[in-house]
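The values are calculated or read from the model by the stated rules, or taken from the named source; none is laboratory data. Keep in mind the model is a prediction, meaning the values are calculated, not measured. Cβ sites come from the backbone with ideal geometry, for glycine too, and all protein chains shown count toward neighbours. For the accessible areas, the whole protein counts, side chains as well, though only heavy atoms, and no ligand, DNA or RNA atoms are used. Shrake-Rupley method; radii C 1.70, N 1.55, O 1.52, S 1.80 Å.
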Amino acid sequence: MVLHIIGMIVLGLIVGLIARLIVPGRQPMGWIATALLGIVGAYVGGTLGSVVFPPHKFTITPPINHSFLGALVGAVLLLLIYKFATSRTRTL
């Protein structure tokens, strides 16, 4: 259980850092906020992935686990929403 939580934090930190590199601009976040961005991004990406893609059926080869890619997509989406919500120049 403890190793699972540590693994989630490490995965969240890695995904959050990569998401911050992908999204242009400056994001004033610390290490904890970056890890939380990755963890929440994993939840959002997993939820979106389960809505968009059908469940895997059993085949001879095991299904590919897309958790890292889903987490990255979710974190990038959250970071773009955050940047849009906190931008100073608004055009309507």
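Here are some notes:
- Test result for A42, part of a helix (DSSP H, G or I), at pLDDT 90 or above and not polar (S, T, N, Q): no
- Scope segment 19-35; condition open to solvent by less than 60 Å² (accessible area, probe 1.4 Å), out of contact with any helix residue (DSSP H, G or I) (no Cβ under 6 Å at 6 or more places or on another chain) and aliphatic (A, V, I, L, M); matching residues: M29, A33
- Filter result (at pLDDT 75 or above and part of a loop (DSSP other than H, G, I, E, B)) within segment 56-87: S87
- Selection count, segment 11-30, where residues are in contact with a Gly (Cβ under 9 Å, 6 or more places away or on another chain) and in a helix (DSSP H, G or I): 9
- Selection within segment 1-32 - under 15 Å from F68 (Cα atoms) and touching a residue at least 60 places away in the same chain (Cβ under 8 Å): L11, V15, A19
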